[in-house]
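Only one structure is covered here, and it is reproduced in the block below.
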Amino acid sequence: MAGHKLDQIDRKILAELQADGRMTNVELARRVGISAPPCLRRVRTLEEEGFINGYHAQVNARALGFEVQVFAMVGLTGQAEADLSAFEDQCRAWPLVRECHMLNGEVDFVLKCVAPDLSTFQSFLTEELTAAPNVASVKTSLVIRGAKDDPGVPFDVLEDRLARNA
């Protein structure tokens, strides 16, 4: 990523794809103001350089029967790199864990978990998460409702910053 400097068209491409990853290359090219062949070349370069990690649908968890969303704050007994990596590997293997972030401060990791019901989450919590090697503590917070869930980055903030520094 360090080898590729993004220009305004690249940033427009990323912003448009972030908003709607299903649009055709022709539509994308129209929206960013270039013809389709160079647009496709740019998209492929952005993919190869790691600016685009993938494309996926944003599914409605509740409509699919996943009624429970929980944030779990996990403290480990040891913070050696091997311990941290082992815990991250374990999180990748747990289907209910949808996000795992290492933090600094009082908590080592925060996990975003989803489950079809509270009983399923409780089983995961008691039989897997708290029983995992190196886990010293787990504090959970049940999500009552979500007010915002915007994936990606705010491109307008990036453009404002670039304009101020130009």
key: Dipole-positive endmost among ALA166, GLY75, ILE144 within the chain (Cβ charges, Cα centre)   = ALA166
key: Amide H contacts of VAL68 (H built 1.01 Å from N, under 5 Å, at least 5 apart or other chain)   = ALA115, ASP117
remark   = Helix-only [θ] at 222 nm, the chain, -39500 (n - 2.57) per DSSP H run of 4+, per residue, nearest 500, equals -11500 deg cm²/dmol
task = Calculate, for ARG98 and THR24, the FRET efficiency according to 1/(1 + (r/R0)^6) with r their C-beta to C-beta distance and R0 22 Å; round to the nearest 0.05.
result = 0.15
query = Summing Lys, Arg as +1 and Asp, Glu as -1, what charge do residues with Cβ under 13 Å from the Cβ of ALA57 carry, ALA57 excluded?
reply = 0
Reciprocal mean inverse distance between Cα atoms of the chain - Kirkwood radius, Å = 19.0
note = Whole-percent carbon and sulfur contribution to the accessible surface of region 1-67 (1.4 Å, no ligands, DNA or RNA) stands at 51
query = List the cysteines of the chain that have no other Cys Cβ closer than 4.7 Å: which are they?
reply = CYS39, CYS113
key: Cα pair distances of region 123-162 binned at 5 Å [whole percent]   = 5, 15, 14, 11, 9, 13, 12, 9, 9, 3
inquiry  = So if the hydrodynamic radius of region 11-87 is defined as the Kirkwood radius over C-alpha pairs, what does Stokes-Einstein give as its diffusion coefficient at 25 °C and 0.890 mPa s, in µm² per second?
reply    = 153
task = Set Lys and Arg Cβ to +1 and Asp and Glu Cβ to -1, take the dipole of region 12-128 about its Cα centre, and tell me which of ALA36, ILE13, VAL114 lies farthest positive.
result = ALA36
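The values are calculated or read from the model by the stated rules, or taken from the named source; none is laboratory data. None of the values given here were measured: they were computed from a predicted structure. In this analysis, Cβ positions are derived from the backbone assuming ideal geometry, glycine residues included, and neighbour counts consider all displayed protein chains. Just so you know, the surface numbers come from the protein's heavy atoms only, side chains and all, with ligands and any DNA or RNA stripped out. Shrake-Rupley method; radii C 1.70, N 1.55, O 1.52, S 1.80 Å.
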